[in-house]
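No lab work stands behind these numbers, since they all come straight from the coordinates. Not measured: the values here are computed from a predicted model. So basically every Cβ, Gly included, is an ideal-geometry build from the backbone, and we count neighbours across all protein chains shown.
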Amino acid sequence: MLRALDVAEYVLLLALEEVGEVITNLKLQKLVYYAQGFCLALRGHPLFEETIEAWEHGPVIPELYEHYKKYENEPIPKPTELNYSKFDDETRELLNEVYKVYGQYSASGLRTLTHEESPWEDTQRGKVISHELMRDFFATQIINEPRQETESQT
């Protein structure tokens, strides 16, 4: 199983290499949270073992926060190396899709989104957001995802 730090480094490299975007700790926390949520909903198991807690500014993986807190609100630099063999094709697709959908938001925009969602709303501050809450919420997001219309539809 991956570690939250593995997922974070993948997201950081994806943002920097594909889009040229730098990411702060706040934004990274939210993107890794969304990856965990969609993995639980789509695959039925967690992407990583570390817990996610409901903090004042939204969902946070404490171990990731500790690792990156030295950057405060500044961009996190590019990871020195990442072993891509840790990520199977399905995981890469999941992480790429999460970044495609949620990477477009600012850190504060993602904070606002998570504050409007039941996993964070229904969890006492400082407590662990359960996998069950996340799985159930993200499953509804997949079902309720608007279908894109094609040019052939009239």
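Structural remarks
- For region 4-143, the number of Lys pairs separated by eight or more positions or lying on different chains, with C-alpha atoms closer than 24 Å, is 19.
- Under-5 Å amide H pairs with W55, H placed in peptide plane, nonlocal only: V60, G126
- The Cα-based radius of gyration and maximum Cα-Cα distance (Dmax) for region 4-143 are 13.8, 39 Å.
- Of the DSSP H helices in the chain, those whose Cα atoms cover at least 20 Å axially and whose Kyte score averages -0.5 or more: 25-43
- Choice from P46, P119, P62 showing the highest fluctuation, given a GNM over the chain with Cα pairs closer than 10 Å: P62
- Kirkwood-type hydrodynamic radius, region 1-77: 12.7 Å, calculated from all non-identical alpha-carbon pairs.
- The longest part of the chain holding none of the exposed loop GluC sites (Glu not before Pro), meaning those outside H, G, I, E and B in DSSP with at most 12 other Cβ atoms within 10 Å, is 1-48.
- Within the chain, longest stretch free of exposed trypsin sites (Lys or Arg not before Pro) [DSSP loop, at most 10 other beta carbons within 10 Å]: 1-124
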